[in-house]
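A quick write-up on the structure given underneath.
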Amino acid sequence: ALPGHLLRGLLPLLTIFHLERAEDAARRAGLSTQPIWRKLWDDVMKTRPPNSESITCWRKKFLETFFSNVLHGVLDVSSDWRLHDRHFSPLLHSSPHVSQLTLCNLLQGAVELTAQHNHKVLENLAGSLRVLKFQHLLSCDQSIRRSLVLLLHRLIHHGSVSQVSMCSWPVPDTLLLVLILTMSAGFWRSGNALAYHGSPCGLCREEDKAQSQESAQEGAERGCNAEQEGSGAENQKRSPKEADARTTSVLSGPRSPPLRNPVCEETSSEVPCGHSSIQGGSSPRSSSEQLSCHPIPQKTRRWHKPAVGRKRRCLRRSRGHYADPEDLYDFVFTVAREDNSGLLDKTRTTEGENTQNWTSSSPGSPCTGHTGCKKRGGPAGILSLKAAHRFRSVSTLELFSIPLTGETCRTLSNLLSSWVSLENLVLSYNGLNANISCILSGLRALSRHPECRFRVLRVSDMFSHMPCLELVRCILSALPQLRTLSVSFDLKNQLEGSRPEASPGCSEAEIPESCLEVLEIRFPREPLHAAFLLPVLKASKSLQQLSLDSATLPCPQELGLLLEVLKECTPNLKKLSFHDVNLAEHQKEVLLLLQDPGLQEITFSFCRLFESSTAEFLSEIINTVKRNSSLKSLKLPGNRLGNHRLVALADIFSEDSSSSLCQLDVSSNCIKPDGLLEFTKKLEGHIQQRGGQLPFTHLRLFQNWLEQDAETAQEALRRLRAVCSVVNDAWDSSQAFADYISVM
């Protein structure tokens, strides 16, 4: 109830506990607390956050980072009076603002969050957290894994986490890795086995109770309907004993139908999931159903026995105790590790169990014996899902710099084959090589599922196992429903000639029509042949964005052929990008692209455009862009523009121009402060001639030589910001050059 001027003076004097409570009052008074939270960041964190120009809420940014720092013990709340308040619980009061959390090293954060005194903190995270990251993980003992299981069950299965990312794990603990993958996919045993401080999972118990009541009511209703509608003759045919058994199976059914390998069922009941059905054939589930942690219903005949083996080990679900610690090994991953004596470590199987062999050679198996994905007999690498229930799963999985062995790839493939909630998969620097075929097998099985929502695949690695375009063909043939595909490799295979010959299945077979909208290819210095790209583009009529990186053009005519292919096959193309492709001798093709009426964004990044060009070429570029009213964004980073070419580009916005260009990127172009100031003055003159109307709104100036004259640079930037939004950095060109020399 304080007047606005008093509240404005009071806000900077509050602790973060009281500042939080005063947020609504400040909003009603028309006051912004953003400057106070920004000052708090500078005073407490003492670092510049990445992409600070894109931060829209400093309150959330501060509290989210504050939570993480306190959790990992890197911030002492007694270090600043604004953080220390007897009413303030650091983790509890900041947890509702946390949408992204990173756990690292020995998972100390997981242990802390699952401690009994942080029960309310975990409940808050279950509602707010969307992204869970694991970084620099180390092997841990059974008690820590137990805490991790509880955390993942609450945040994923009964929470709102939609993305799991793992990165920088050079020597991954196989058991721990597969544990995270399995629970991210929604597989785990019943919540009754997940004791939380002496009690089974309460949310699972509530679902059990609700589902039992629903099943009982459904069974009673069906019994009444059958009694009313059934004919007397049919009732006489069924014996009383059989009818009683059927009713009993309905009323006392298991918590969820038994999990089955959807791939292995294809031989008995194939359900087509073609391109047409994804677009409009079958309606997707509602968002409430997607986020539900109830098991996925599967229609089974009630008089059939469950597929789950009856003789499996007791889970020891007594109150106050966890399941047998070694049961984690049984359920998550049976790994065959031979020690010096030849014994198997961490491998325990119960005699008489009916274990499903997920790597069998049946026609529906995800791994069909590609190179690098050889089948092995026995339990090694087989994911035991027979005792599992299906919970809510995440929609995005990212694996960065984590080596994946053949065993782990097979396990991941099996999970992927039925991971219907998965929409985005990122595999980066995992050393897949030939094991990429195993991953594709699982994704191919997933694509045939009627509820498949998989849309984005990004694969990047150091070495390419096969030519990039061949891999793209294989992926599109297996996954026609993809919307975004990114394939990136740094180098060709280490051994020249070790790359496999072209696979007839991928190279010769026609690619089915796909839904692809974004295609990004980073070639490991491979020649770009338009003829090889033609089948991909022909199958991608919906393509809107194409990016070609680090390709070499085998002959001068190749780029012209590519443009003809693009014009013929991709009528909906809006964005085209070339990066690190030498276009110095392809001036004619560059001008043709700039006058294309269909393209809205063109990028020539580090393409050496002006390496051997004349002044006439620059004038032709300017005149072409002036006549093109459809081009909205032109990006020219790393092309040695220099001052004089930058100043000339200002003529794109002259009075006689019909250009609609609103974004210009001239980063890394050796631009000095005096050249930027002259460009600004010329731009201001064109604005006056056009009566103050200019479509230009964004200018990017990263990594130029603006530090050489700070005063002139500041004046140019100040005047530019009155015209458009300017994004630049405090880049030191002399230091960058020294760093470059030091590593030569």
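Results, tabulated for the structure shown:
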{"quantity": "Residue within the stretch 17-33 that is within 28 Å of the chain's Cα centre (by Cα) and either farther than 30 Å from Asn728 by Cα or not in a helix (DSSP H, G or I) (or both) present", "calculated": "no"}
{"quantity": "Restricting the stretch 70-84 to residues that are farther than 13 Å from Ile16 by Cβ and under 34 Å from the mean Cα position of the chain (by Cα), the residue that is most open to solvent (accessible area, probe 1.4 Å)", "calculated": "Val74"}
{"quantity": "Residue match in the stretch 420-428 (condition: of a type in the set (Ser, Thr, Tyr), in contact with a Phe, Trp or Tyr (Cβ under 9 Å, 6 or more places away or on another chain) and over 19 Å from Ala539 (Cβ atoms))", "calculated": "yes"}
{"quantity": "Cβ-Cβ under 7 Å pairs, at least 6 apart or on other chains, the stretch 1-22 side more than 14 Å from Trp37 (Cα to Cα), far side outside any loop (DSSP other than H, G, I, E, B) and at pLDDT 80 or above", "calculated": "Leu7/Ala25; Leu7/Ala26"}
{"quantity": "Test: residue in the stretch 587-595 that is under 24 Å from Pro673 (Cα atoms) and modelled with pLDDT of 95 or more", "calculated": "no"}
{"quantity": "Out of Leu576, Leu593, Leu561, sole residue that is aliphatic (A, V, I, L, M), assigned to a helix (DSSP H, G or I) and open to solvent by less than 70 Å² (accessible area, probe 1.4 Å)", "calculated": "Leu593"}
{"quantity": "Near pairs, Cβ below 6 angstrom, 6+ apart or cross-chain, from the stretch 704-728 (under 15 Å from Glu678 (Cβ atoms) and touching a residue at least 24 places away in the same chain (Cβ under 8 Å)) to any residue that is exposed (fewer than 13 other Cβ atoms within 10 Å of the Cβ) and of a type in the set (Val, Ile, Thr)", "calculated": "none"}
{"quantity": "Some residue of the stretch 85-97 being in contact with a His (Cβ under 8 Å, 6 or more places away or on another chain), open to solvent by 40 Å² or more (accessible area, probe 1.4 Å) and either of a type in the set (S, T, N, Q) or over 30 Å from Leu13 (Cβ atoms) (or both)", "calculated": "no"}
{"quantity": "In the stretch 36-65, the residues that are in a helix (DSSP H, G or I) and more than 22 Å from Ala730 (Cα to Cα)", "calculated": "Ile36, Trp37, Leu40, Val44, Arg59, Lys60, Lys61, Phe62, Leu63, Glu64, Thr65"}
{"quantity": "Extreme residue, least open to solvent (accessible area, probe 1.4 Å), among residues of the stretch 23-43 that are among the aliphatic types (A, V, I, L, M) and farther than 14 Å from Arg82 by Cα", "calculated": "Ala26"}
{"quantity": "Residue tally, condition open to solvent by less than 20 Å² (accessible area, probe 1.4 Å), over 23 Å from Ser660 (Cα atoms), in contact with a Ser or Thr (Cβ under 8 Å, 6 or more places away or on another chain) and assigned to a helix (DSSP H, G or I), over the stretch 678-722", "calculated": "1"}
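The values are calculated or read from the model by the stated rules, or taken from the named source; none is laboratory data. This one's a predicted model, so the numbers in the text were calculated from it and none came from an experiment. Positions of Cβ are generated from backbone atoms using ideal geometry, with glycine treated the same way; all protein chains shown enter the neighbour counts. Calculation scope for accessible area: heavy atoms of the full protein, side chains included, ligands and nucleic acids excluded. Shrake-Rupley method; radii C 1.70, N 1.55, O 1.52, S 1.80 Å.
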